[in-house]
1. More than 16 Å from the chain's Cα centre (by Cα) and hydrophobic (A, V, I, L, M, F, W, C): is that true of CYS159 in this structure?
2. Are any residues in the stretch 135-156 within 25 Å of ASP166 (Cα to Cα) and part of a loop (DSSP other than H, G, I, E, B), and if so, which ones?
3. Of these, THR171, THR124, THR111, which one is outside the structural domain of GLN64 (by TED's automatic domain parsing) and modelled with pLDDT of 90 or more?
4. Within the set of pairs 6 or more residues apart or between chains, which connect a residue that is within 9 Å of VAL97 (Cα to Cα) inside the stretch 150-163 to a residue that is basic (Lys, Arg) with Cβ atoms less than 6 Å apart?
5. Having 1 or more residues that are closer than 27 Å to GLN172 by Cα and either at pLDDT 75 or above or among the charged types (D, E, K, R) (or both) is the bar; report the strands (runs of 3 or more DSSP E) wholly within the stretch 13-86 that clear it.
6. What is the number of the single condition among (1) assigned by TED's automatic domain parsing to the domain that holds ASN14; (2) of a type in the set (Val, Ile, Thr); (3) more than 30 Å from CYS28 (Cβ to Cβ) that THR88 does not meet?
7. If I ask for residues that are free of Cβ contacts under 8 Å to residues at least 60 places away in the same chain and among the polar types (S, T, N, Q), which ones from the stretch 116-130 would you list?
8. With among the hydroxyl-bearing types (Ser, Thr, Tyr) and touching a Cys at 6+ places or on another chain (Cβ under 7 Å) as the only criterion, which of THR140, THR113 stands out?
Amino acid sequence: MPQKPNAVLTVEPNWSTFYSGEFVTFTCDRNEAEATDWEYRLNRDNEPYLSINPDKSITLEPLQHSGEFQCCGRRRSSNKTKCSNTVTVSVSNKVVVTRQPNSSHVFSGETITLTCGVQGGETTEWKCDWKRDGSLIHKTNSKDWTFIVSKARSRNYMCRCIKRDDWFSSTQWSEAVTLSVSGGVQERLNFC
């Protein structure tokens, strides 16, 4: 018969998805009556991951990969082991849209490049999807999208990226970036 867990694992902040590199607090709430004779560690995907501080039972860790985490204890006197509940944590790369030229106000007819910057994935090759005003309108084979601005109006742009070698590894959508577009060359001269 499996041993009843003598610890409860919690994660703070209490989110299901984190961005790559964010710090997460794992707390192993142990049965203090047994804690003195037990050593605890944090497992990820059933493999030893980190030792747990015997006093505070807390581990701070900048996450890089998704996984299933458990707090597991081993009794020093008998090598008996017990594990806590399993906590599933998903890690996503944060994406931020930047623009070149770096101005929120552009003119019709100008060429602009939007870049989907993937934080924590700078050395990875990405394919990216682009939304304009909530509708998917373009796909690129890189993080950059260069186009000529045409209509004089404000529009919101968002992106997400997928690893070229792993179609199941997608980032979340970025926050929207607004481009305000004015008329063409004559208005640019008046504006200047």
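The values are calculated or read from the model by the stated rules, or taken from the named source; none is laboratory data. The structure presented is a predicted model; accordingly, all values stated were derived computationally and were not measured. Reconstructed Cβ throughout: ideal geometry from the backbone, glycine too, with neighbour counts over all protein chains shown.
1. No; evaluated as a whole, the condition is false for this residue.
2. ASN141, SER142, LYS143
3. Exactly one of THR171, THR124, THR111 is outside the structural domain of GLN64 (by TED's automatic domain parsing) and modelled with pLDDT of 90 or more, namely THR111.
4. Pairs that qualify, where the first residue is within 9 Å of VAL97 (Cα to Cα) and the partner is basic (Lys, Arg), are TYR157/ARG132; MET158/LYS131.
5. 17-19, 23-30, 38-44, 47-51, 58-62, 67-75
6. (3)
7. THR123, THR124
8. THR140
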